[in-house]
Each structure stands twice: as C-alpha cells, then as structure tokens.
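Have a look at the structure below, then the notes.
The values are calculated or read from the model by the stated rules, or taken from the named source; none is laboratory data. Note that the coordinates shown come from a computational prediction; the quantities given were computed from them, not determined experimentally. Ideal geometry is used to build each Cβ from the backbone, glycine not excepted, and the neighbour counts take in all protein chains shown. The protein model used for the area step is the full one, side chains on, heavy atoms only, and it has no ligands, DNA or RNA in it. Shrake-Rupley method; radii C 1.70, N 1.55, O 1.52, S 1.80 Å.
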Amino acid sequence: MKAVFVAVAMVALVAGATVQIPRHVSLVVTGGIVITQDERHTVLSPGAVAIDGPEIVAVDRPDAIAANYRADETISAPNQIVLPGLVNTHTHAPMVLYRGLADDLALMEWLQKYIFPAEARTVSPEFVRVGTRLAALEMIESGTTTYADMYYFEEEIAQATRAAGLRGVLGETVIQFPSPDAKTPGEAVARAERFIASFKNDDLITPAVAPHAMYTNDRATLLACSELARRARVPILIHLAETEDEVRQSREQHQMTPAAYLDSIGFWSPRTLAAHGVWVTPDDMAILKRHAVGVSHNPESNMKLASGAAPVVQYLAAGIPLGLGTDGAASNNDLDMFEAMRQASFLAKHTTHDPTAVPARTALDMATIGGAKALAMDRSIGSVEPGKRADLIAVSTASARQTPMYDPVSQLVYVTRGDDVRTTIVNGKVLMKERQLRTLDREAVIADANRLAQKIRTLRF
Ligand SMILES: [Zn+2]
C-alpha cells in the first residue's frame, strides 16, 4: 500500500512539474474582454488567447495563460474587446474604386447604365489589383478577416488578398455576355477552372466559381458552373432574388421563382452561397434549406438600391445559415461590417415593427459564426476557440462614444465603428497592431487608388 502511495505521489509531482513548464507559442493577446462566440456564447472578462502559428491553442483567464504560455509576441488589450474577426459574406472587392460613382439609382438602372459600362471600359488586371489592395486595407482597418468575393480577374484578387494576409472565398464571375476577362461564358468557365486549380489547398484562399445570377446566365452556363463546383469540390457564389423585378421576370419566363427555377435544373448544392435572397417565398426557403444553401444578407445595399428587406426573421427561424455582407462599395458605400450589423438589426426591427427582432447578439452571430456557417467554414473560423484558425480582432472601448459600457455585445453592435478596431489577426499573423499596418503600405495603396480614379473620373455615361 505504501509503495503504491509513493508511486502515485511521484506521478502527481511529475505531472505538476510538467504543467509548470510554460509552452512556447507565437502570440498571446491578453487583458481584453474576450467574446468567444462559441456555442455557449462564453465571455471572459478579462480573458486571454494563446496562438501558435495559424491556430488558437487556448482561451482562458489572463493569469492562466500567463502561467502556461510564453509567447514570441504579446499584445496587451486592456479597455478593448477581443472577438472573432468579422466575416463579410458578399462583396466585390475592387468595386471600392467605384465608390460614389453612381448613387441614388435602382439596381437594374444602376447596373445596366453605369456599372456594366464602367466595368467594360476600366476593369483590367491592374484595376483589380489596385482595387483589391484598397479593399483589403479598408477591411483590415475595420475588422473583417474573411470575405467572399465575386468579380473578374479573380487570380489577381487572390494574389492581392494573400499578400495582404486576409482570408478569402473568391469566386471567378461567369456571366452570359462579354465581360472584362472573358469573351464568352464558356471562356469564363474555363477561366474559373484554371483559377480554381491554381489556388486549391491554399491556407488563406478558397477558390470558387461565381455565376453572376440566374437572370444573367442561361441554363447551360448555370449547369456548367455547378458541375465545375462539384467536380473541383469548391463553393458556388450567386446573386439570388435581389429585386422584385428579377422574380417577376423569372415568373414570366419560367413560370417559377428564381430559387425554384435553379432547383428545377439541378443547380443547388450544399456549398452554395446565395447573396441577398430578398424576394423569397416560404417554398423558396424550403428549397434553400433542403440543399443546405447559405444566405448572405446585405441590408445596406438592399436599402440604398431600394431592393427591399430580406425576411431575416424567417431565415433564422427556418435554421438557414445566414451571414452578413456589405455588397460592393459602389452600393453601400463602404466595407464596414460593424455598420452592416447595426443596419441588419435596425432594418429587421423597422420592417417587422418588432424591437426584439434581430437583437444585438443575433446581429453579432450573423457577422461571425453565422457567416462562417453560411460559407461552410465554421469548423475552422467564426469563433475564438482552441483548434480554430486564429482570426481575431481587438476593438477599443476607450472613446467618449464608447463610454460607459454595460454590455459589450450591445456596444459592438449599436456603438462600434470600423475605426474603433485596433488590432487585426488572420491565421495567427498580425496584420494590424494598434492601427499600425504590417502587410500593406497605407500611403502607397491610397495613392495608387487615387491615380486609377483619375481615369474613372473621365467616364461619360
Ligand atoms: Zn453583389
């Protein structure tokens, strides 16, 4: 008996000694209120996050992290809220260069009279490169760590995104008419296939195919896109039922709603993200649910173009994965996801006459774990949890506008602006620390954008 007792005591001693040797990690963020967005909505106040390489290894109280980890770099975040990086599920990054070019118009007129002609005359690899760098700068500075994109020359967007250190689900656009990077839809699909092959298995980039919409592609093109996605095992991004007019046209041409038409041709698959979904019927929602399609809600763009208000409360009740998006900056006119959260909450309350619709926590869920689910990436991003990729941000709560603070989640949704973000980390790499950028030369990015804007300024519509 005595020998057994001694042996047990020795094991305990050895175990105790092991615990006391701190593990060496690359980064610790400590001292802020940590809003984890895990399943139980755990908040640590204060908390700390230990990160090694691209991965979160521990989330705990600051004293526990200090005792167990030694980091190459420590970011101290008192008076800050630490949360998962925001997930922008729908944008067209280079369109930041068209910010404010054509305002106060309805979608079809805006697209056909201004945006498509401007794109035909100005979109080039250089335009896309310069625009993506500007968008990446804005996203890093306002706390977005992952974004879904639909545009042209997507390989340029992927390279600029990777160089900036952001995570992207990037879809090469396929559209029926001649576009800036393909003369025919067949050429566009072939382009998408080459793009997917060259960025498959990248740490930061998930390549995708992006048929623009059901009303801008014929059946054969839509099916070529979904077949490519299935074959290459990549996501599909598409605009869906954005305006009442789109649904009316679809009913005239196909005697079906856009969602039902896409279902009838066998287009839907689980890795599809449908942007907008404003004008959907309960039957459409059942179709989206059956195929596990994610939806991106874009309240600011929908309001600005007077497209309508998506039935967000019904989407949530149906358990359809719902993320938030800014849409391109030409219809918003910025990429600030904090504003998107606030407007998503206000728009839902306004349209339902119910102030309890989309409360702060739901808006924050949509911008983080909800977006991750809509993109089928919730196993790796969307919350601050051990084992997930280290995509997180820290927001200052020290300003007059942020004082006092009773509820940090309320503060994030109803008070915070992108400018309050102090630190942005993606895949364990610090892209911005206390507003100091590490991957982009701020002045050069803005100067390049202004140089290209000179050419855009000369366009006549
Ligand atoms: Zn869009």
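Condition first: within 16 Å of the ligand (Cβ to nearest atom) and of a type in the set (Ser, Thr, Tyr). Can you find one or more residues in the range 301-309 that meet it? There is at least one residue in the range 301-309 that is within 16 Å of the ligand (Cβ to nearest atom) and of a type in the set (Ser, Thr, Tyr). The helices (runs of 4 or more DSSP H) falling completely within the range 321-402 that include 2 or more residues that are closer than 24 Å to Ile51 by Cβ and either open to solvent by less than 20 Å² (accessible area, probe 1.4 Å) or within 16 Å of the ligand (Cβ to nearest atom) (or both) map to 337-352, 371-374.
The strands (runs of 3 or more DSSP E) located wholly in the range 23-74 that include 1 or more residues which are β-branched (Val, Ile, Thr), open to solvent by 10 Å² or more (accessible area, probe 1.4 Å) and touching a Leu at 6+ places or on another chain (Cβ under 8 Å) occupy 33-35, 55-60. Taken together, Gly53, Gly131, Gly47, Gly85 contain a single residue that is at pLDDT 95 or above and at positive phi, which is Gly53.
Criterion first (part of a helix (DSSP H, G or I), closer than 29 Å to Leu459 by Cα and charged (D, E, K, R)) does Arg129 satisfy it?
On the way: part of a helix (DSSP H, G or I): yes; closer than 29 Å to Leu459 by Cα: yes; charged (D, E, K, R): yes.
The answer is yes for Arg129.
Across the range 263-292, the qualifying residues are those that are within 16 Å of the ligand (Cβ to nearest atom) and hydrophobic (A, V, I, L, M, F, W, C), and the one among them that is most open to solvent (accessible area, probe 1.4 Å) is Trp279. Restricted to the range 98-115, and to residues there that are out of contact with any Leu (no Cβ under 6 Å at 6 or more places or on another chain), in contact (Cβ under 8 Å) with a residue 24 or more places away in the chain and in a helix (DSSP H, G or I), the residue that is nearest to Ala447 (Cα to Cα) is Tyr98. When residues in the range 153-172 are screened for being open to solvent by less than 10 Å² (accessible area, probe 1.4 Å) and touching a Pro at 6+ places or on another chain (Cβ under 8 Å), 7 of them pass.
In the list Lys433, Lys455, which residue meets the criterion of being surrounded by fewer than 18 Cβ atoms within 10 Å (Cβ to Cβ) and over 30 Å from Glu39 (Cβ atoms)? Can you show your working first?
Working: Lys433 fails: over 30 Å from Glu39 (Cβ atoms).
Answer to the selection: Lys455.
Limited to the range 205-262, what total is found for residues that are within 16 Å of the ligand (Cβ to nearest atom) and part of a loop (DSSP other than H, G, I, E, B)? Qualifying residue count, the range 205-262: 9.
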